[in-house]
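Chemist: Attaching a single structure in structure tokens format; questions to follow.
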Amino acid sequence: MQSMPAGQNKKSPASLTRAPAWRDLAAHRKTWQDRHLRELFAADPQRFERFSAEACGLLLDYSKCLVVPETMDLLLALARERDVEARIADLLAGKRVNTTEKRAAWHTALRAGHAAPREVRSVLTAMRAFAGTLREGALKGVSGRAIRDVISLGIGGSALGPALAADACAADGNTPRVHFVAAPGEPLTRTLASLEPETTLVIIQSKSFSTRETLLNARDVRTWFQAGFAASDYGAHFAAVTANAEAAHAFGVPKERIFPMWDWVGGRYSLWSAVGLPAMIAMGADCFDDMLAGAAAMDAHFAETQPQYNLPVLMALTGVWHANFCGMDSRAVVPYCPGLELLPAWLQQLEMESLGKSVSRKGKSLRHDSGAVLWGGAGTEGQHAYFQMLHQGTRPVPVDFIACCSPRSKSSWGTPRSEADADTHTLLLANCFAQSALLAQGVTTADTTAALLSGGAGEREAARLASHQALPGNRPSNTLLLDALTPRSLGALLALYEHRTFVQSAIWDINAFDQWGVEHGKTLADSLLPEFSSPAATTAHDASTNGLVNYVKRMNPANP
């Protein structure tokens, strides 16, 4: 691995809330009391052209955000004051931007093509060979039968990214089939019930090879294999992705099937590494390369494009505006694109694990909010559920709508497969655009009154119902349009969100690459485990935790 450049010894920017641009933005926010998106669109026929940008096969329409030109000027001034461009350069150069753990967050090097470090290229070559052998049916189990099913055991970043990519980009009738199991116990049991040990391969995904949930599943699968054929042969049905090769080999994984990863690859940024092996098996090595190329194209755009035209920067800044100045501490991500149903779950880890911090990079308590609660799901289902709250609830929620110009074709990546596909896709687009327009424009009481009267309601009935049917509007959203859902556009989309997250961390002066809340949770869980098998009453924790553990022990006296 080429050596990592040393981190820069720059002073952190002054307190954010005392920054001139921050104060200017706070003052500017007061001018929004009487502004409504309905009037802004009516007053500016060029608003879409003014507030949209395009790169890497993606169009960002942020004209429905609560911004005017002055807002964007002030947000860009804030980015300059926070030294965002220098922070971006540090990230992309492999500087030690993870300050608490004193290491880089160099996931962009994983998709740098010929410019990637030698070890990265070597691992990709090994992944391609392994995935190709599997997909060609040439990888045999101990019985001599071809591997038909692959189970990926991993949790968090070792599961969310690969599962999303496989779901979005695996071809129809794909062989072998790839299954993802994260939680221990019943999910694995259900998966194994339909598989045969002789034709199944298991990939254990754990950076440390000590993730408790993953190893529980791995041991259960090993027992399943041992029941199906000689105990000495099960290693032929295992592979692993880990930074702890010794532990993987001791578990029984053959050395030649252990794919390495490095400490400068964070879990939520690891899809681009060997963690993506199950996705490569599902979609094929060429498609995986296309996904890496799409992400690399977004990296280049992020590095080279001026902030006012830079998609990740624009999304980050409008997000800061809505969260910190408009009081919107939640946001929804709503894909109207088959294959992206898992995107909100992937983004929840990316954003909330990265931005859920309450101290600065120097460990000082923040005087401003950071991050936002992220949620969402497929738009077709959501508009029959939580969209009611989006339209008429008392808490406005910014939304990212995501759609594709062309319907997905898993066989040719972008060409409609039938007239029915095209019709379904048009319906998706119509719903997506209608929901974003309605959130912005709303429906006035006068409009609902007129509609009720024209529909035959009397004046008294119209007056009674009009306010119930009115929508306030002025609810912000972005719309991201992909040319089509292909491996390349998926790579660009995911890299866009990674960089959006980093820019917000730079604005808020927090470390986006550690997760001490997660680590402390694991430590406490480990300390609790022996309590369940101890015959003595639990007393070492707070009253609630003690009470809960003791209640379980009383309800399950034979529990080991």
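Chemist: Can you give the extra length, in nm with one decimal, that the chain gains between Arg35 and Glu54 once fully stretched, where that is 0.36 nm per residue apart less the Cα-Cα distance? All intermediate terms of the calculation are to be shown ahead of the outcome.
Modeler: Values: separation 19, 0.36 × 19 = 6.84 nm, distance 2.71 nm.
Net length gain for the segment: 4.1 nm.
Chemist: Right, something else. For Val443, list long-range residues whose amide hydrogen, built 1.01 Å from N in the peptide plane, is under 5 Å from its own amide hydrogen.
Modeler: The list, which skips near neighbours in sequence, is Leu471, Gly473.
Chemist: Tell me, how many Å apart are the Cα centres for segment 140-172 and for segment 207-285?
Modeler: Measuring centre to centre over Cα atoms gives 12 Å.
Chemist: Continuing with this model, one more query. What ranking do 494-507, 305-318 get when scored by the average of other Cβ atoms within 10 Å per residue, highest first? Each step should come with its number before you reach the end.
Modeler: Numbers: 494-507: 25.4, 305-318: 21.3.
Ranked by mean Cβ neighbours within 10 Å, highest first: 494-507, 305-318.
Chemist: Using only Cα atoms, tell me the angle between helix 459-469 and the longest principal axis of the chain; keep it within 0 to 90° and round to the nearest 10.
Modeler: Approximately 40 degrees, to the nearest 10.
Chemist: Give me the distance between the Cα centres of segment 61-121 and segment 456-521, rounded to whole Å.
Modeler: 20
Chemist: Could you tell me the accessible area of Glu39 in Å² (1.4 Å probe, neighbours in place), rounded to the nearest ten?
Modeler: 90
Chemist: Shifting gears a bit: Roughly how tilted is helix 212-228, in degrees to the nearest 10 and between 0 and 90, from the longest Cα axis of the chain?
Modeler: 40
Chemist: So what's the back-of-envelope 222 nm ellipticity for the chain, counting only DSSP H runs of four-plus at -39500 (n - 2.57) apiece and dividing by all residues, rounded to 500? Walk me through the numbers on the way to the answer.
Modeler: Details: 22 runs with 252 residues, N = 560.
Estimated from H runs of four or more residues: -14000 deg cm²/dmol.
Chemist: Calculate the FRET efficiency for Phe532 and Glu119 from the Cβ-Cβ distance with a Förster distance of 35 Å, rounded to the nearest 0.05. Let's see the in-between values first.
Modeler: Working: r = 42 Å, r/R0 = 1.21.
Step by step, r from the Cβ atoms, then E = 0.25.
Chemist: Obtain the nm distance between the two label points defined at Ala457 and Glu101 by a simple spin-label model: each point lies 7 Å from its Cα along the Cα-to-C-beta direction.
Modeler: Taking the simple label geometry, Ala457 and Glu101 are separated by 5.6 nm.
Chemist: I would also like to ask the following. Residue by residue through segment 66-72, what is 3J(HN,Hα) from phi via Karplus (6.51 cos²θ - 1.76 cosθ + 1.60, θ = phi - 60°)? Round to whole Hz and write x for glycine and proline.
Modeler: Running phi through 6.51 cos²θ - 1.76 cosθ + 1.60 with θ = phi - 60° gives 7, 9, 10, x, 5, 4, 5 Hz.
Chemist: Also: In 5 Å bins starting at zero, report the fraction of Cα pairs in segment 299-354 per bin as a rounded %.
Modeler: Going out from 0 Å in 5 Å bins, segment 299-354 shows 4, 15, 17, 21, 24, 16, 3 percent.
Chemist: Using only Cα positions of segment 94-172, each an equal point scatterer, no hydration layer, compute I(q)/I(0) via Debye at q = 0.23, 0.24 Å⁻¹ and quote the log10 values to two decimals.
Modeler: Values returned for q = 0.23, 0.24 Å⁻¹ are -1.26, -1.27.
Chemist: Residues of segment 81-187: accessible area per residue at 1.4 Å, in Å²? Intermediate results must be reported in sequence, preceding the final value.
Modeler: Working: 4360 Å² over 107 residues.
Accessible surface, normalised per residue, equals 41 Å².
Chemist: In addition: Which entries of Lys207/Lys522; Lys95/Lys362; Lys95/Lys357 have Cα-Cα distances beyond 19 Å here? Please report the intermediate quantities before stating the final value.
Modeler: Values: Lys207/Lys522 15 Å; Lys95/Lys362 17 Å; Lys95/Lys357 21 Å.
Checking Cα-Cα distances, Lys95/Lys357 exceed 19 Å.
Chemist: Moving on. From Cα pairs below 8 angstrom and at least 6 apart in sequence, can you work out the relative contact order of segment 453-560, rounded to a whole percent?
Modeler: Values: 25 pairs, mean separation 13.0, N = 108.
Relative CO of segment 453-560 lands at 12 percent.
Chemist: In the chain, if the dipole is taken from +1 on Lys/Arg beta carbons and -1 on Asp/Glu beta carbons about the Cα centre, which of Gly456, Ala19, Gly267 is farthest to the positive end?
Modeler: In the chain, that residue is Ala19.
Chemist: Give me the extension gain from Leu195 to Trp516: residue separation times 0.36 nm, minus the current Cα-Cα distance, reported in nm with one decimal. Spell out each step's value before the answer.
Modeler: On the way: separation 321, 0.36 × 321 = 115.56 nm, distance 3.78 nm.
Taking 0.36 nm per residue and subtracting the Cα distance, the gain is 111.8 nm.
Chemist: Also, I was wondering about something else. Using a basic spin-label model with each label point 7 Å from the Cα along Cα→Cβ, how many nm lie between Glu81 and Gln388?
Modeler: Once both label points are built, they end up 4.3 nm from each other.
Chemist: Give me the net charge for the shell around Ala525: Cβ to Cβ below 14 angstrom, other residues only, Lys and Arg +1, Asp and Glu -1.
Modeler: Values: positive: Arg212, Lys522; negative: Glu213, Glu519, Asp526, Glu531.
Around Ala525, the surrounding residues sum to -2.
Chemist: Further, regarding this structure: Roughly what angle does helix 285-304 make with the longest principal axis of the chain, taking Cα atoms, 0 to 90 degrees, to the nearest 10?
Modeler: Rounded to the nearest ten degrees, it is 40.
Chemist: Work through the residues other than Pro396 whose Cβ is under 13 Å from its Cβ and net out their charges, Lys, Arg +1 and Asp, Glu -1.
Modeler: Values: positive: Lys64, Arg331, Arg395, Arg475; negative: Asp329.
After counting each charged neighbour, the total is +3.
Chemist: Also, I was wondering about something else. For segment 406-560, just the Cα set please: Rg and Dmax, both in angstrom.
Modeler: 27.9, 74
Chemist: R0 = 35 Å: FRET efficiency of Thr523 with Arg554, Cβ-based, nearest 0.05?
Modeler: Details: r = 26 Å, r/R0 = 0.75.
Computed FRET efficiency for Thr523 and Arg554 comes out at 0.85.
Chemist: Follow-up. Please find the FRET efficiency linking Glu256 to Ala300, where r is the Cβ-Cβ separation and R0 is fixed at 35 Å, and quote it to the nearest 0.05. Intermediate values should be presented prior to the final figure.
Modeler: On the way: r = 35 Å, r/R0 = 0.99.
Efficiency at R0 = 35 Å is approximately 0.50.
The values are calculated or read from the model by the stated rules, or taken from the named source; none is laboratory data. Since the structure is predicted, the reported quantities are computational estimates derived from the model, not experimental observations. All Cβ positions, glycine included, derive from the backbone under ideal geometry; neighbour counts span all protein chains shown. Heavy atoms of the whole protein, side chains included, go into the accessibility calculation; ligands, DNA and RNA do not. Shrake-Rupley method; radii C 1.70, N 1.55, O 1.52, S 1.80 Å.
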